[in-house]
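**Student:** Have a look at this one.
The values are calculated or read from the model by the stated rules, or taken from the named source; none is laboratory data. None of these values were measured; they are calculated from a predicted model. In this analysis, Cβ positions are derived from the backbone assuming ideal geometry, glycine residues included, and neighbour counts consider all displayed protein chains. To get the accessible areas, we keep the full protein, side chains included, count just its heavy atoms, and leave off ligands, DNA and RNA. Shrake-Rupley method; radii C 1.70, N 1.55, O 1.52, S 1.80 Å.
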Amino acid sequence: MTTNNLKHSSRYIAVTILEKIEKNQSFSNLLLTEAVKKNQLSDKDRGLLTELVYGVIQNKLLLDYQLEPFIKQPEKVENWVRQLLRLSLYQMTQLDKVPAHATVNEAVRIAKARGHKGIAGFVNGVLRSIDRQGVRSPEEITDSVKYLSIRYSFPVWMIELLIEEVGIVETEKIIQSLSKRAKVSLRVNTQMKPMDEVIDQLNDEGYEVRPSQIARDGLICENGLPVSSELFKNGTITIQDESSMLVAEAMQIDEGDNILDACAAPGGKTTHMASYLDGSSGSVTALDLNKNKLKKVEENAERLGMSSLIRTRPMDARKVSDAFEAQSFDKILVDAPCSGLGLMKRKPDIRYQKTLDDIYALQKVQGDILDSVAPLLKKGGRLIYSTCTITLKENNEVIEAFLKEHQEFKLEPVFTHKKAVQLSKEGLVNLYPHYFDTDGFFIASLVKY
């Protein structure tokens, strides 16, 4: 393989992506999309690149734990060299399709292309020692928190917080689930085509789909991503996680409702809510602080045929009372900015980019948004608060604090169409990822009296 060809290989590109993620806290999904387009990778190479990048991120602390005995001066190892070692070790220990000697040889070639003979010799020495001696097991770790942290590659603070909130048994189930790859789930606009006809058409096109256990409008696709299907192109189906589909159900929308979506981007829930409206009197006002993100809402609305029902407006949701009159809306959704810890199946790098301080800072923002939108809801109207995180501090505690300050609001059980979704004793949806193999999610339903 020539040096130029090597630089366009999945493994070489993976090292570059991993380096950027760690150096700049870039998001893996965005860098992967950019790399696939730039290098015009085949389906096979794209699949390998995704496997390598996500695999290394999801196992980073474990890989470092296993590498540690073989590196005498870790502080002198450059970022890209560490990424190359992690990548190679991941292949050697967790992928069985490529022989170890082939992985070592490829790593040495990459080291020579990016560095020099000295680095290539170092990489060769470390990996061949690992191949001869094997790596240590995290089972040797006696401290339970450290064990879970290393075994599943989650930061200690996150393990400690989850143990405090749900106990050690549930914590391991949660992080084990978040270490899996995300399923592909589809939302069906059944006003355009009945669910059974959509299933039949997708099956005819070669896709294996089954109904969601928890979302009435949801399907799970077992093979591939049906974005080339005519159903996707004409807006009958869209990509959305099952958990977030529960939000529009919980809103209990009437056809003529005037709805505020206070934190709308990228627009999945916005368009789902709009699909319940009649097109004459009902509407969704979609806000977001970021103008560029609102463009994504508009693009989604156009593809799904919802543009006439959705009005976008760039705005900080904490300042909505300056722009709208009191009691302007029948329903309000606050899909609040959050840590996103429930999304780690599809964005594994989140776990290394957040801290406990971030959780407390977000808690303040979430409370401020709820305080701001509260006066805009009509009496008898419904306020849905949702997040794609799993911490009680961003979920239950935020709602508890809000209710203490707003006696005019009462908590009601979250409405869902499917009985599989279990509510807490307070009527909340704390949807942990291991329950149904979804994203982690939270929903609370409040009515104004």
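**Student:** Show me, for region 169-177, the HN-Hα J-couplings you get by feeding each phi into the Karplus relation (A = 6.51, B = -1.76, C = 1.60, θ = phi - 60°), rounded to Hz, glycine and proline as x.
**Tutor:** 5, 5, 4, 5, 5, 5, 6, 5, 5
**Student:** Rounded to the nearest 500, what is the 222 nm mean residue ellipticity of the chain from helices alone, with -39500 (n - 2.57) per DSSP H run of 4+ residues and division by all residues?
**Tutor:** -14500 deg cm²/dmol
**Student:** Helix 117-133 sits at what angle to the longest principal axis of the chain, using alpha carbons and giving 0 to 90 degrees rounded to 10?
**Tutor:** It is inclined by approximately 80 degrees.
**Student:** Would you please give the residues with an amide H less than 5 Å from that of V184, counting only those at least 5 places away or on a separate chain, with H modeled from the backbone geometry?
**Tutor:** So V184 has HN proximity to C221.
**Student:** Given R₀ = 35 Å, what would the calculated FRET efficiency be for E208 paired with Q252, taking r from the Cβ atoms and rounding to 0.05?
**Tutor:** 0.60
**Student:** Mind jotting down the distance between the C-alpha centroids of region 80-122 and region 240-255, whole Å?
**Tutor:** 46 Å
**Student:** Rounded to the nearest 20 Debye, what is the dipole magnitude of the chain about its Cα centre when Lys and Arg each give +1 and Asp and Glu each give -1 at the C-beta?
**Tutor:** That gives a dipole near 1800 debye.
**Student:** Could you give the Stokes-Einstein D for region 1-71 in µm² per second, using the C-alpha Kirkwood radius, 20 °C, 1.002 mPa s?
**Tutor:** It diffuses with D of about 166 µm²/s by this estimate.
**Student:** Here is a further query. Work out how much length A323 to L95 would gain on full extension: take 0.36 nm times their residue separation and subtract the Cα-Cα distance, in nm to one decimal.
**Tutor:** Contour length minus Cα-Cα distance gives 76.6 nm.
**Student:** Which of rounded, prolate, oblate describes the chain, given a ≥ b ≥ c as roots of the alpha-carbon gyration tensor eigenvalues and a/c under 1.5 marking rounded, otherwise prolate only if a/b is larger than b/c?
**Tutor:** Taking the square roots of the gyration eigenvalues as a ≥ b ≥ c, the chain is prolate.
**Student:** How do the peptides 224-235, 359-370 rank, highest first, by the average count of neighbouring beta carbon atoms within 10 Å per residue?
**Tutor:** Top to bottom by mean Cβ count within 10 Å: 359-370, 224-235.
**Student:** I'd like to check one number: the per residue accessible area of the chain, probe 1.4 Å, reported in Å² as a whole number.
**Tutor:** 45 Å²
**Student:** Against the longest principal axis of the chain, how steep is helix 195-204, in degrees 0 to 90 to the nearest 10, with axes from Cα atoms?
**Tutor:** The angle comes out at about 30 degrees.
**Student:** Here's a follow-up. Of all DSSP beta bridges in the chain, what percent run antiparallel (nearest 5)?
**Tutor:** Bridges in the chain that DSSP calls antiparallel: roughly 55 percent.
**Student:** Taking Cα centroids, how far is region 1-66 from region 348-389 in Å?
**Tutor:** Cα centroid to Cα centroid, the span is 33 Å.
**Student:** Additional query: Once the dipole of region 135-273 is set up with Lys and Arg at +1 and Asp and Glu at -1 on Cβ about the Cα centre, which of I239, T190, I175 lies farthest towards its positive end?
**Tutor:** Of the candidates, I175 comes out farthest on the positive side.
**Student:** For region 383-389, just list the computed ³J(HN,Hα) in residue order, Karplus coefficients 6.51, -1.76 and 1.60, θ = phi - 60°, integers in Hz, with x standing in for Gly and Pro.
**Tutor:** Once rounded to whole Hz, the list reads 10, 9, 10, 9, 9, 9, 10.
**Student:** Then there is this: Can you tell me which of 69-80, 257-268, 422-433 comes out highest on packing, and rank the rest after it, using the mean Cβ neighbours within 10 Å?
**Tutor:** 257-268, 422-433, 69-80
**Student:** Continuing with the same structure: Can you give the Rg and Dmax of region 250-297 based on its C-alpha atoms, in angstrom?
**Tutor:** Every Cα atom of region 250-297 included, Rg and Dmax give 10.7, 30 Å.
**Student:** Choose one answer from I168, I350, I310: the residue with the largest mean-square fluctuation in a GNM of the chain with alpha-carbon springs under 10 Å.
**Tutor:** Comparing I168, I350, I310 in a Gaussian network model of the chain, the most mobile one is I168.
**Student:** What is the P(r) of region 358-412, as percent of Cα-Cα pairs per 5 Å bin from 0?
**Tutor:** 4, 17, 34, 25, 13, 6, 1
**Student:** If only Cα atoms are counted, what is the Rg of region 3-120, and what is its Dmax, in Å?
**Tutor:** Cα-based Rg and Dmax for region 3-120 come out at 13.5, 39 Å.
**Student:** Next question. Using only Cα atoms and rounding to the nearest 10 degrees, what angle (0 to 90) does helix 79-94 make with the longest principal axis of the chain?
**Tutor:** Between helix and principal axis, roughly 90 degrees.
**Student:** Once the Cα gyration tensor of region 216-277 is diagonalised, what are the square roots of 5 times its eigenvalues, in whole Å and ordered largest first, as equivalent ellipsoid semi-axes?
**Tutor:** Sorted largest first and rounded, they come to 23, 12, 11 Å.
**Student:** Sticking with this structure for a sec: From the phi angles alone, apply the Karplus equation (6.51, -1.76, 1.60; θ = phi - 60°) to region 21-33 and give each ³J(HN,Hα) in whole Hz, x where the residue is Gly or Pro.
**Tutor:** Each residue of region 21-33 in turn: 4, 6, 6, 10, 6, 6, 8, 4, 5, 5, 5, 5, 4 Hz.
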